[in-house]
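Asks: Mind looking over this structure? Questions follow.
Rule-based calculations on the coordinates, nothing more; no lab input. Keep in mind that what you see is a predicted model, and the values were worked out from it rather than measured. Every residue, glycine as well, gets a Cβ built from its backbone with ideal geometry; the counts of neighbours run over all protein chains shown.
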Amino acid sequence: MNIENISRRERKKIKTKSNILTAARHLFEEKGYENVLIEDITERSDVSKGTFFNYFTNKEGLMLAVAEDEVFDILELADENFYKIESSKKKIKMIMERLLKDSIPYMQLTGRMVFSTIINSGDSNSPFHKIYELLDSLVDEGKENLEFTKDVTNKVIVNSIIGAYYSLIFRWFDSKEKVTIDDVSSILDIIYKGLSVQ
């Protein structure tokens, strides 16, 4: 969407929604999701409760919107230049590194979203489902380019890749051990090695 081609009113709506999402992200991380009231979010984002409810039905809906916003940023990676990269493995690594990079500052919130996603894993409207679909198409591409063995199903490969991300989130929750972009990259290298065409 080209921001210059939309009306001033629409630009104001986009900015207001963005301010609410930013305030919520920070508050969820500072105080924990359970301890944040809608009043806290409206105060931090300087909007009325009525304005808040114009955008979100409740706090759970807001959390889903935060996740969707993160996923949208990642899907924007898959632009024309992204598809000029020949290696599917490199594209997958870029996506997973970006996903982790966006998660690190908000690990409490990320953990909650991950658990919610796992519980609602059958929901095709889930933000993480869109990432799953993108990875699935890149695995298809990788199989065509002989980067991945055809002996392993796409589902197993994509679940292994997503599992690398989940394992780092769980590690952080279990021990509060610092998680870095290099961690996801190293795990993906191990997965790639096992899935290479022999």
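Asks: Relative to a virtual label point 7 Å from the Cα of Glu144 in the Cα→beta-carbon direction, which members of the stretch 65-93 show backbone nitrogen distances below 19 Å?
Replies: Under cut-off, by backbone N: 78-93.
Asks: Hey, what number do you get for the chain at 222 nm if only DSSP H runs of n ≥ 4 count, each worth -39500 (n - 2.57), divided across all residues, to the nearest 500?
Replies: On the way: 10 runs with 147 residues, N = 198.
So the calculated ellipticity at 222 nm is -24000 deg cm²/dmol.
Asks: Is the C-alpha gyration tensor of the stretch 6-103 telling us rounded, prolate or oblate? Criteria: a/c under 1.5 is rounded; beyond that, a/b larger than b/c is prolate, otherwise oblate.
Replies: Oblate is the answer for the stretch 6-103, as a/c is 1.5 or above yet b/c matches or exceeds a/b.
Asks: In addition: Just to be sure I follow the definition: excluding the sites themselves, where is the longest run in the chain that has none of the GluC sites (Glu not before Pro) in a DSSP loop with at most 13 other Cβ atoms within 10 Å?
Replies: Longest run free of exposed loop sites: 87-176.
Asks: If each residue's Cβ is checked for other Cβ atoms within 10 Å, how do Phe56, Phe173, Phe128 rank with the fewest at the top? Don't skip to the end; give the middle numbers.
Replies: Working: Phe56 19, Phe173 15, Phe128 22.
Going from least to most buried by this count: Phe173, Phe56, Phe128.
Asks: If neighbour count is taken as other Cβ atoms inside 10 Å, put Ser18, Ser48 in order from fewest to most.
Replies: On the way: Ser18 12, Ser48 9.
Going from sparsest to densest Cβ surroundings: Ser48, Ser18.
Asks: So I have [x] 44; [y] 50; [z] 39, and one of them is percent of Cα pairs over 25 Å apart calculated from this model. Which one is it?
Replies: [x]
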